[in-house]
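The values are calculated or read from the model by the stated rules, or taken from the named source; none is laboratory data. Small disclaimer: the values here were computed from a predicted structure and weren't measured. For neighbour counting, all protein chains shown are included, and Cβ atoms are generated from backbone atoms with ideal geometry for every residue, glycine included. For accessibility, only protein heavy atoms count, side chains too; no ligands or nucleic acids. Shrake-Rupley method; radii C 1.70, N 1.55, O 1.52, S 1.80 Å.
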Amino acid sequence: MNCHILAIDQGTTSTRAMIFSAAGRCVVRAQRELKQIYPRDGWVEHDPEEIWAATLTVCREALKGAAAAGISVAGIGMTNQRETTLIWNRETGKPIYNAIVWQDRRTADHCSELKDQGYEAEICRTTGLLLDPYFSATKICWLLDNVAGARQLAERGELAFGTIDSFLLWRLTNGRSHLTDVTNASRTLLMNLEEQRWDERMLEIFEIPAAMLPEIRDCAADFGDSEEALLGVSLPIVGIAGDQQAATIGQACFEPGMIKATYGTGCFVLLNTGEKICYSGNRLVTTLAYRLGGQSCYALEGSIFAAGSAIQWLRDGLGLIQSADEVEALAGQLKSNRGVYMVPAFTGLGAPYWDPQARGALFGLTRDSGKAEIARATLESIAYQTKDLIEALEKDSGKRIATLRVDGGMTGNRWLIQFIANILGIPVARPVVAETTALGAAFLAALRLGVYTSLDEIAETWQAQEEFVPDYCEQQREGLLAGWRKAVARTLES
Ligand code: ADP
């Protein structure tokens, strides 16, 4: 079928538009980098007008490329950096402040206060999340309390809140649609995970007026038509999911027990747990994987704070390498790690350790340790952290994980993927289409448009480019993991 989908992928560091064929292959792409704004230590912002302008530019470029190739586009799917928070004026469409990015820690004190007041257990149970500045709720509250007059305007229904998906949707439909999808809504700390509606009690705790919230829809749904004057053509926007959920869909992880890991700046692991909400005993997050035709599919999620960023530190912090791909050859030079371990706790350690005070460390250095040992230890640490996460996911879900699907910028490193397979002791597969996030958004739109009639049809398009089979024996694996655990134990503060 000659049916193509425009996928918009508004990420933390860039905005992309890609056109996918019905077979799930990318035929045209356009991209713009996004400026990171760091007004103070721990604060991270994006300029919403820059995001909007870049979105328009990449969409126009991609549609132009498609037209030149004689391809007609049937609809739009959208995916976005999650949790990043925006508030705009309904009348003017103008944001009242920059977007507060998911990484921003300015509301840490607010979260601590709420913990001290005893709200944590209730919040975690209702939303499946953790009481942490990472999620949207305390960011919304900060905006209402720190932008002059915002709270009064919000209470009068004159302001709209949205994550990036809602904001772009509002702009693309010229203010006609104020909507979001369940996956984005599930990251706000305001959605009741079981009933998938805004939770009055959460709104009360976080002091957020209901009048400013978008309506929550399925991931494949009618979100409105784009304004013709903007893209030269009016297209139905029919698919939305947050980036990690979109990657889960792009990796066709549709069965309970299927799992994907995206290795970029950080690493995000999502395990499909099916129709069942699975609460974590290891401080993992419970979230929606997707909802289609009113049917919810849940996931457990864990993240590694420093993955690609640890490689960036080798390059920019230490000057050990010129470019990220050099680490592969350096690590491969050695027959073993020679007892050198690195714990990249630059911003603390996440699941299952949860020690925000922990800081990075290198262990086991000797006089003949050099670049190669440090590069290898850094890459190895990513595999050990993946192992820690997988163990936690297996404990929480009560299921053994059989294979891992990987994607993201780091997965170009074959040595790393092989080492991950060796440490996990299960096969690790890398798909043909590396752009799984945008692909997932395209799949959602294609489902709504009837290009696919079931998830099984989508699953059939998934193809492994390469599978990495473990080649360590149990003893080798356990020996290395024992070294890692010792290094982590020495790093923990609390
Ligand atoms: P993001 O989407 O988070 O911006 P990408 O998926 O584009 O990230 O991946 C980029 C990250 O991958 C960078 O942090 C970079 O250091 C790392 N990276 C890129 N190539 C390699 C490689 N060959 N080996 C290890 N790390 C790599």
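Quick check: pseudo-label points 7 Å beyond the Cα along Cα→Cβ at Ala489 and Arg400, how many nm apart are they?
2.7
Under 13 Å from the Cβ of Ser369, count the other residues' Cβ atoms, weight Lys and Arg +1, Asp and Glu -1, and hand me the total. Provide the component values of the computation, followed by the final result.
Details: positive: Arg338, Arg367, Lys371, Arg376; negative: Asp368, Glu373.
Local charge sum for Ser369: +2.
Simple spin-label model, 7 Å along Cα-to-Cβ: Gln152 to Gln476 in nm?
According to this spin-label approximation, the distance is 7.0 nm.
Evaluate the distance, in nm, between pseudo-label points positioned 7 Å from the Cα of Thr366 and of Asp116 along their respective Cα→Cβ axes.
5.1
Express in whole angstrom the spacing between the alpha-carbon centres of region 451-494 and region 125-157.
36
Can you tally the net charge around Ser303? Count Lys and Arg as +1, Asp and Glu as -1, for every other residue whose Cβ sits under 14 Å from the Cβ of Ser303.
Once all neighbours under 14 Å are counted, the net charge is -1.
Select from region 142-185 those trypsin sites (Lys or Arg not before Pro) which occupy a DSSP coil region and have at most 11 other Cβ atoms within 10 Å, ordered by residue number.
Of the trypsin sites (Lys or Arg not before Pro), the ones in loops of region 142-185 whose Cβ has at most 11 other Cβ atoms within 10 Å are Arg156.
Please list, by residue number, every one of the trypsin sites (Lys or Arg not before Pro) in region 361-467 that is coil in DSSP and has at most 12 other beta-carbon atoms within 10 Å.
Arg367, Arg400
In a shell of Cβ-Cβ distance under 10 Å around Ala345, excluding Ala345 itself, what net charge do Lys and Arg (+1) and Asp and Glu (-1) give? Could the numbers behind the result be given before it?
Numbers: positive: Arg359; negative: Asp355, Glu493.
So the surrounding residues net to -1.
Treating the beta-carbon of each Lys and Arg as +1 and of each Asp and Glu as -1, no other charges, what is the dipole magnitude of region 419-470 about its Cα centre, to the nearest 20 debye?
140
Please name whichever of Ile140, His110, Leu130 sits farthest to the positive end of the charge dipole of region 108-152, dipole taken about the Cα centre and charges placed at Cβ: Lys and Arg +1, Asp and Glu -1.
Towards the positive end, the residue furthest out is Ile140.
At 0.36 nm per residue, and after removing the present C-alpha to C-alpha distance, how many nm does the segment from Arg176 to Gln463 gain when stretched out fully?
Gain on stretching Arg176 to Gln463: 99.5 nm.
Could you tell me what fraction of 2.2 N^0.38 Å the Cα radius of gyration of the chain comes to, as a two-decimal ratio?
That ratio works out to 0.95.
How many percent of the accessible area of region 1-68 is carbon or sulfur, using a 1.4 Å probe?
About 52 percent, which is the carbon plus sulfur part of the accessible surface.
Return the subset of Lys260/Lys335; Lys335/Lys387; Lys64/Lys260; Lys35/Lys139; Lys399/Lys486; Lys395/Lys486 for which the Cα-Cα distance in this structure is over 23 Å, preserving the input order.
Beyond 23 Å between Cα atoms: Lys260/Lys335; Lys64/Lys260; Lys399/Lys486.
Fully extended, how many nm does the chain gain between Arg40 and Gln357 (0.36 nm per residue separation, minus their Cα-Cα distance)?
112.2 nm
Out of the total accessible area of region 342-494 (probe 1.4 Å, heavy atoms of protein only), what percent is carbon and sulfur?
The C+S portion of the solvent-accessible surface of region 342-494 is 49 percent.
Using a 1.4 Å probe, what is the accessible area per residue for region 297-431, in Å²?
Details: 5230 Å² over 135 residues.
Per residue, region 297-431 has an accessible area of 39 Å².
Loop only per DSSP, at most 15 neighbouring Cβ atoms within 10 Å: give me the chymotrypsin sites (Phe, Trp or Tyr not before Pro) in region 202-285, ordered by residue number.
Values: sites: Phe206, Phe223, Phe254, Tyr263, Phe268, Tyr279; in loops: Phe206, Phe223, Phe254, Tyr279.
When the chymotrypsin sites (Phe, Trp or Tyr not before Pro) of region 202-285 are filtered for loop state and at most 15 Cβ neighbours within 10 Å, Tyr279 remain.
First check a/c for region 67-165, with a ≥ b ≥ c the square roots of the eigenvalues of its C-alpha gyration tensor; if it is under 1.5, answer rounded, and if not, answer prolate when a/b is larger than b/c or oblate otherwise. Walk me through the numbers on the way to the answer.
Values: a/c = 2.68, a/b = 1.56, b/c = 1.72.
Cα axes put region 67-165 in the oblate bin.
Grab the Cα-Cα distance for Leu318 and Thr92, subtract it from 0.36 nm times how many residues apart they are, and report the gain in nm with one decimal.
76.6 nm
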